[in-house]
Amino acid sequence: VPVDGSHWLSMREVLDILRQKGHEVVVVAPEVSLHIKPSQNFVMKMYSVPYTQEEMEKDFKEFLHTSFEEGSSLERFVKVYKGMKRLGVMAAASCEQLLQNKELIRYLEETKF
């Protein structure tokens with residue numbers, strides 16, 4: 001169950017090597033993501049989330065932009081905190097949707113994921 005961004009980019013290399021060594025690789029990911037995309041090297045199991053691709057991209061761009069804005073340390077801290085809070089809410093919603101997806105959870109249990 002990857003986390004989007006640099007975690008996924010690092011994990012992707014490991015998955016490719018595992019596949020080359022004959023392992024079956026299953027990736028569980030939200031339908032909406034920045035970098036996690038289907039591949040011939042693994043089976044992709046996706047679940048829906050309560051936000052759109054556009055909303056997620058907008059929040060990430062705003063967060064990155066805010067991180068480099070000028071202003072007092074306190075102003076920047078508050079802006080970065082608010083951005084992290086929005087992204088945290090998104091991540092929590094994603095986890096909640098995964099855990100409430102009975103069909104996907106059943107598949108994971110049956111295949112001893």
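Determine the dipole magnitude for the chain: charges of +1 sit on the beta-carbon of Lys and Arg, -1 on that of Asp and Glu, nothing else is charged, the reference point is the Cα centre, and the result goes in debye to the nearest 20. Working shown, then result.
Values: 15 positive and 17 negative charges, 46 e Å.
For this selection, approximately 220 debye.
Test of the criteria: in the stretch 1-109, which chymotrypsin sites (Phe, Trp or Tyr not before Pro) are in a DSSP loop and have at most 14 other Cβ atoms within 10 angstrom of their Cβ?
Within the stretch 1-109, the qualifying chymotrypsin sites (Phe, Trp or Tyr not before Pro) (loop, at most 14 other Cβ atoms within 10 Å) are Phe68.
Hey, of (i) 129; (ii) 107; (iii) 150, which did the structure itself give for volume of the Cα convex hull per residue in Å³ when calculated?
Recomputing volume of the Cα convex hull per residue in Å³ here picks out (ii).
Run the accessible area of the stretch 6-111 with a 1.4 Å probe and give the carbon-and-sulfur part as a rounded percent. Intermediate results must be reported in sequence, preceding the final value.
Working: 4260 of 7600 Å².
The computed percentage sits at 56.
Mind checking the stretch 52-113 for trypsin sites (Lys or Arg not before Pro) that DSSP puts in a loop (not H, G, I, E or B) and that have at most 14 other Cβ atoms within 10 Å? Kindly include the intermediate steps, with their values, before the conclusion.
Values: sites: Lys58, Lys61, Arg76, Lys79, Lys82, Lys85, Arg86, Lys102, Arg106, Lys112; in loops: Lys112.
Taking the stretch 52-113 and a limit of 14 other Cβ atoms within 10 Å, the loop trypsin sites (Lys or Arg not before Pro) found are Lys112.
Label Lys82 and Ser48 with points 7 Å out from Cα along Cα→Cβ: what is the distance between them in nm?
Taking the two extended label points, one gets 3.1 nm.
Given only helices, namely DSSP H runs of n ≥ 4 each adding -39500 (n - 2.57), what is the per-residue ellipticity at 222 nm of the chain, to the nearest 500 deg cm²/dmol? Write out the running numbers ahead of the final one.
Working: 4 runs with 67 residues, N = 113.
Taking each H run of at least 4 residues, the total per residue is -20000 deg cm²/dmol.
Report the relative contact order of the chain, percent, no decimals, based on alpha-carbon pairs under 8 angstrom and at least 6 residues apart. The partial results should precede the final answer.
On the way: 101 pairs, mean separation 23.3, N = 113.
Worked out over the chain, it gives 21 percent.
Would you mind checking which residues have amide H under 5 Å from Val26's amide H? H placed 1.01 Å from N; only 5 or more apart, or other chain.
For Val26, whose amide H was placed from the backbone, the distant partners under 5 Å are Val43.
Heavy-atom accessible area per residue, the stretch 6-111, 1.4 Å probe: how many Å²? Provide the component values of the computation, followed by the final result.
Values: 7600 Å² over 106 residues.
Per residue, the stretch 6-111 has an accessible area of 72 Å².
Test of the criteria: in the stretch 8-38, which GluC sites (Glu not before Pro) are in a DSSP loop and have at most 16 other Cβ atoms within 10 angstrom of their Cβ? Numbers along the way, then the final one.
On the way: sites: Glu13, Glu24, Glu31; in loops: Glu24, Glu31.
Passing sites in the stretch 8-38 are Glu24, Glu31.
How many lysine pairs does the chain hold where the Cα atoms are under 23 Å apart and the two sit 8 or more places apart or on different chains?
Lysine pairs satisfying the spacing and distance rule in the chain number 16.
Filter the DSSP H helices in the chain by two things, a Kyte-Doolittle mean of at least -1.0 and an axial alpha-carbon span of 20 angstrom or more, and list the hits by number. Spell out each step's value before the answer.
Values: long enough: 6-20 (22 Å, -0.21); 53-67 (21 Å, -1.48); 73-100 (40 Å, 0.14).
Passing helices, by number: 6-20, 73-100.
The values are calculated or read from the model by the stated rules, or taken from the named source; none is laboratory data. Small disclaimer: the values here were computed from a predicted structure and weren't measured. When we count neighbours, we look across all protein chains shown, and the Cβ atoms used for this are built from the backbone with ideal geometry, even at glycine. Heads up: the accessible areas ignore ligands, DNA and RNA and are worked out on the full protein's heavy atoms, side chains in. Shrake-Rupley method; radii C 1.70, N 1.55, O 1.52, S 1.80 Å.
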